[in-house]
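Visitor: My questions all concern the structure below.
The values are calculated or read from the model by the stated rules, or taken from the named source; none is laboratory data. Since the model is a prediction, treat every value here as computed from it, not as a measurement. Reconstructed Cβ throughout: ideal geometry from the backbone, glycine too, with neighbour counts over all protein chains shown.
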Amino acid sequence: MTNDAYPPPPQYDHRPSIAIIEYFVKATEVGKAWCGKPMPGKAPFGCAQVVMWDGKPLCRIWFLTPDGKYQWTSPTIEEVRRHEHGHCNGWAPDHK
């Protein structure tokens, strides 16, 4: 999630039916590497990726944090989680 794309469209705005694993990582270059290339002018707060694990889909969500603990006040962790659930449900990374 970046600072300009919340919430997901209605068709993606629900809890995923697939398994989810959440990670909290420091918002360093290493942490940002999990979320792909940074977008100019946009602050990343999290990202999601659906992968196959043991023959079943799994959504991995990374929360990018200052120190490994979620401390942002805006957006809230619930807002970022809701946004990333949209990606777990098939919402495209370009938010279209």
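Visitor: If you take the residues of the stretch 1-39 that are farther than 16 Å from His87 by Cβ and touching a strand residue (DSSP E or B) at 6+ places or on another chain (Cβ under 6 Å), which of them is modelled with the highest pLDDT?
Guide: The residue in question is Phe24.
Visitor: Counting only residues that are farther than 20 Å from Thr28 by Cα and either of a type in the set (A, V, I, L, M) or modelled with pLDDT under 85 (or both), how many does the stretch 72-92 have?
Guide: Selection size over the stretch 72-92: 1.
Visitor: Taking the stretch 40-71 on its own, how many of its residues are surrounded by 13 or more Cβ atoms within 10 Å (Cβ to Cβ), at pLDDT below 70 and at negative phi?
Guide: Here the count works out to 2.
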